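The block underneath contains the structure these notes are about, expressed in structure tokens.
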Amino acid sequence: MTYKAKMIIDKSYKISEVNPRIYGSFIEQLGRAVYGGIYEPTHTSADEDGFRQDVMELVKELNVPIIRYPGGNMVSAYNWEDGVGPKESRPKRLDLAWGSLETNQVGTNEFATWAKKVEAEVMMAVNLGTRGIDAARNLVEYCNHPGGTYWSDLRKEHGFHEPHQIKVWCLGNEMDGPWQIGMKTAYEYGRLAAETAKAMKLVDPTIELVSCGSSGSGMATFPEWEAQTLEHTYEYADYISLHQYYGNRDGDTANYLANTLDMDNFIKTVIATCDYMKAKKRSKKTMQLSFDEWNVWFHSNEQDKEVEPWSVAPPLLEDIYTFEDAILVGSMLNTLLKHSDRVKMACMAQLVNVIAPIMTETGGGIWKQTIFYPYYYTSVYGRGTALHSIVDSPKYDSKDFTDVPYLDQSVVFNEEKEELVIFAVNRNLDDTLLVDVDIRSFEGYDLVEHVVLENDDPKAINTIHSEQVKPHNRRDSSVENGTLTAVLPKLSWNMLRLKKGEK
Ligand code: AHR
């Protein structure tokens, strides 16, 4: 059976310019993300600094503009001073967040060096779990002050003459979470974050700060946490963070794919809470959103319980993603794009080996997970102006959601390149969705490619030996008389790219 949907796209229905930072990612000092992931001095592809060039190539392919570091949960008991200076004298520490041994062979300077090589900005998180104002302001001075002071001269002594000029800083991580070392009440966090922010901005007034929002939409304290913490941090922070992971634990694909309705609602509630605080404070500033942890995370939960405690770089959080995970990831990216007027940064969590689009074998090869593909295409082609579209789609109900549209989409117009890009998911597990897209204001535009991720098996995976889930091109969609007829196969992620005067 074929289902039918309609869309209207118009150049003047603008949401916002897309901030490229929404295609950010995350490297935590956790599992094999750093050691055996981005850094492996004995690997055949290692460069002069010990970084795997095969990994760098794929990170660059993804066009990742900003990368969060060093955590995550890990940062809440981290002493940044352990990770700078001569490598041979760096202490080994218990990483309490993940039960591993941290050798500190990679720290702030190494990460900043790596980020430069992959052409990404660093988003640095400070420890507001076990530490506070002093450690944070010293780190800003170490990273960003030009010289002539204790911490900036120490950076020079460590071989980094020029400041790293790190713009974006996270005021702690998930401080509402009972699992967090040094978890805080909203009041405790709000006060500490505000005073830390004040000191950090005194050191470098050009930095941008992210106040910790809730660890997920399911937290009992959401959205009261946002309201209470912003009471203190509104004046100093530029963004509030959102984190969210989904999983298909009960094997209900239709319900699983509807989770972006929750994500959408999460974003809307955070915006409403921020705007309430703006009104309450009579502020001129609009708080922006940093969705700085999002992804699918559940496959590795059980196997992680078997990992030997206090090992160095153990294989933790190594989810092997399925085809249906890639569809949800595509939808999550659509949701970020549809909120690009307020979501100005986002980080797919994470980037290499740990719940990641890129996997490596320590001492071996590299491969792309299923989720690599929607991330790649949206990051590379989803740049320009996000457009609001009018959608009329058949719907379904699932265990947790009602009125779930089969068609999930986002639209980006790149005026400079004269390119219109539609990212579309067909959530229907059994049937094709035929979408009539009225592209009224895009006269002379034609379809140049229709890239599709489709597979008969929702649980299909990629491994280093076989790539079952990879994109291919379809030729059954076309443009005629100002209408694009898009054929979206059952359970598929699609990119339809149109250009002016081209076939
Ligand atoms: O990304 C994995 C973990 O998820 C992060 O360390 C933490 O912030 C979140 O709970």
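According to the Kirkwood expression over distinct Cα-Cα pairs, how big is the hydrodynamic radius of the range 276-380, in Å?
Values: mean 1/r = 0.0630 Å⁻¹.
Value: 15.9 Å, from the Cα pair sum.
With only alpha-carbon atoms in the gyration tensor, what are the semi-axes of the equivalent ellipsoid for the range 402-503, in Å, largest first?
Numbers: eigenvalues 135, 55, 26 Å².
Equivalent ellipsoid of the range 402-503: 26, 17, 11 Å, largest first.
Could you compute the FRET efficiency for Glu48 and Asn481, with r as their C-beta to C-beta distance and R0 at 56 Å, rounded to 0.05? It would help to have the intermediate numbers written out before the result.
Details: r = 58 Å, r/R0 = 1.04.
Taking R0 as 56 Å, the efficiency between Glu48 and Asn481 is 0.45.
Can you list, largest first and rounded to whole Å, the semi-axes you get for the range 1-160 by taking the square root of 5 times each eigenvalue of its Cα gyration tensor?
On the way: eigenvalues 235, 83, 61 Å².
With the √(5λ) rule applied to the range 1-160, the semi-axes are 34, 20, 17 Å.
5 Å is the cut-off here: which amide hydrogens, built 1.01 Å from N in the peptide plane, fall below it relative to Ala237, excluding neighbours closer than 5 in sequence?
none
State, as an integer percentage, the relative contact order of the chain based on alpha-carbon contacts under 8 Å between residues 6 or more apart. Intermediate values should be presented prior to the final figure.
Numbers: 1189 pairs, mean separation 100.4, N = 503.
20 percent.
Let me see the pair-distance distribution of the range 197-244: every alpha carbon pair, 5 Å bin width, integer percents in order.
Percent of pairs per bin, in order: 5, 23, 26, 20, 14, 8, 4, 0.
How do the peptides 16-24, 417-425, 109-117 rank, highest first, by the average count of neighbouring beta carbon atoms within 10 Å per residue? List each step's numbers first, then the result.
Values: 16-24: 20.9, 417-425: 22.6, 109-117: 19.1.
Highest to lowest by the protection proxy: 417-425, 16-24, 109-117.
Given the range 363-415 reduced to its alpha-carbon atoms as identical point scatterers, what log10 I(q)/I(0) does the Debye formula return at q = 0.16, 0.17, 0.25, 0.32 Å⁻¹?
Normalising to I(0) and taking log10 leaves -0.74, -0.79, -0.99, -1.12.
Longer than 31 Å from Cα to Cα, which of Lys60/Lys417; Lys92/Lys459; Lys280/Lys417; Lys116/Lys470 are they? Say none if no pair is.
Values: Lys60/Lys417 21 Å; Lys92/Lys459 40 Å; Lys280/Lys417 42 Å; Lys116/Lys470 29 Å.
Violating the 31 Å Cα-Cα cut-off are Lys92/Lys459; Lys280/Lys417.
Could you please tell me the mean projected area of the C-alpha convex hull for the range 143-213, averaged over all directions and given in square nanometres to one decimal?
Values: hull surface 22.2 nm².
Seen from a random direction, the Cα hull of the range 143-213 projects 5.5 nm² on average.
Which value in Å does the Kirkwood hydrodynamic radius of the range 1-45 take, with 1/r averaged over all unlike C-alpha pairs and then inverted?
Numbers: mean 1/r = 0.0629 Å⁻¹.
Every distinct Cα pair counted, the radius reaches 15.9 Å.
For a quick protection proxy, order the peptides 357-363, 241-247 by their average other-Cβ count within 10 Å, most packed first. Working shown, then result.
Working: 357-363: 20.0, 241-247: 22.4.
Highest-to-lowest ranking by the protection proxy: 241-247, 357-363.
What distance in nm separates the two pseudo spin-label positions at Glu88 and Glu17, each 7 Å out from Cα along the beta-carbon direction?
Distance between label points: 5.0 nm.
Roughly what % of DSSP beta bridges within the chain run antiparallel, to the nearest 5?
Numbers: 58 of 98 bridges.
Counting only bridges with both partners in the chain, antiparallel ones make up about 60 percent.
Under the Karplus relation 6.51 cos²θ - 1.76 cosθ + 1.60, θ = phi - 60°, what is the ordered set of whole-Hz ³J(HN,Hα) values for the range 300-316, x standing for Gly and Pro?
Taking θ as phi minus 60°, the curve returns 8, 3, 6, 4, 5, 6, 8, 5, 4, x, 6, 8, 8, 6, x, x, 9 Hz for the range 300-316.
Which values of log₁₀ I(q)/I(0), to two decimal places, follow from the Debye formula for the range 125-282 at q = 0.10 Å⁻¹ with a uniform point scatterer at every Cα?
Each listed q corresponds, in turn, to -0.43.
Quick one: length gained pulling Asn473 to Lys395 fully straight, 0.36 nm per residue minus the C-alpha distance? Show your work: numbers first, answer last.
Working: separation 78, 0.36 × 78 = 28.08 nm, distance 2.68 nm.
Computed gain between Asn473 and Lys395 is 25.4 nm.
What is the list of residues in the range 101-124 whose amide nitrogen lies under 18 Å from a point 7 angstrom out from the Cα of Asn79, following Cα to Cβ?
Once the point is set 7 Å along Cα→Cβ of Asn79, 101-109 turn out to lie under 18 Å by backbone N, inside the range 101-124.
Calculate one ³J(HN,Hα) per residue across the range 60-67 by plugging θ = phi - 60° into the Karplus curve 6.51 cos²θ - 1.76 cosθ + 1.60, and present them in order as whole Hz with x for glycine and proline.
Result, ordered by residue: 5, 4, 6, 6, 7, x, 8, 10 Hz.
For the range 248-333, state the average projected area of the convex hull of the C-alpha atoms over all orientations, rounded to one decimal in nm². If you can, show how the numbers build up before the last one.
Working: hull surface 33.7 nm².
Orientation-averaged projected area of the Cα hull: 8.4 nm².
List the residues whose amide H sits under 5 Å from the amide H of Val168, counting only those 5 or more places along or on another chain, with H placed 1.01 Å from N in the peptide plane.
It is Met124, Glu208, by chain and number.
Remind me, relative contact order of the range 380-474 in percent, using alpha carbon pairs under 8 angstrom and six or more residues apart?
Working: 104 pairs, mean separation 17.3, N = 95.
It comes to 18 percent, rounded to a whole number.
Based solely on its DSSP helices, what 222 nm [θ] is calculated for the chain when runs of n ≥ 4 H residues each add -39,500 (n - 2.57) and the sum is averaged over all residues, nearest 500 deg cm²/dmol?
Working: 10 runs with 120 residues, N = 503.
It comes out at -7500 deg cm²/dmol, rounded to the nearest 500.
For the range 186-195, what does the Karplus curve 6.51 cos²θ - 1.76 cosθ + 1.60, with θ = phi - 60°, yield as ³J(HN,Hα) per residue in whole Hz, taken in order and with x for Gly and Pro?
Per residue, the Karplus-derived 3J(HN,Hα) values read 4, 5, 4, 5, x, 5, 5, 5, 5, 5 Hz.
What is the Rg over Rh value, at two decimals, for the chain, using alpha-carbon atoms and the Kirkwood definition of Rh?
Details: Rg = 22.6 Å, Rh = 23.4 Å.
Here the Rg-to-Rh quotient is 0.97.
Can you give the alpha-carbon Rg of the range 67-156 over 2.2 N^0.38 Å, where N counts its residues? Could you put the intermediate results ahead of the total?
Working: Rg = 12.9 Å, N = 90, 2.2 N^0.38 = 12.2 Å.
In units of the 2.2 N^0.38 Å rule of thumb, it is 1.06.
Can you give me the angle between helix 323-338 and the longest principal axis of the chain, using Cα atoms only, in degrees from 0 to 90, rounded to the nearest 10?
80
Could you check the spin-label model distance between His158 and Glu57? Points 7 Å from the Cα along Cα→Cβ, value in nm.
In this crude spin-label approximation the distance works out to 3.1 nm.
Need one number for the range 44-118: average projected area of the convex hull over its C-alpha atoms, nm².
Mean shadow area of the hull around the Cα atoms is 5.7 nm².
Using mean Cβ contacts within 10 Å as the protection proxy, how do 346-356, 58-68, 292-302, 159-169 order, highest first?
So the peptides 346-356, 58-68, 292-302, 159-169, ranked by packing, come out 346-356, 58-68, 292-302, 159-169.
How long are the semi-axes of the ellipsoid equivalent to the range 393-455, from square roots of 5 times the Cα gyration tensor eigenvalues, in whole Å, largest first? Please report the intermediate quantities before stating the final value.
Values: eigenvalues 149, 34, 24 Å².
After scaling each eigenvalue by five and taking roots: 27, 13, 11 Å.
Values quoted throughout were computed directly from the atomic coordinates according to the rules given, and no laboratory measurement underlies them. On a predicted model such as this, the values are computed, not experimentally measured, just so you know. As a convention, Cβ positions derive from the backbone with ideal geometry for all residues, glycine included, and neighbour counts pool all protein chains shown.
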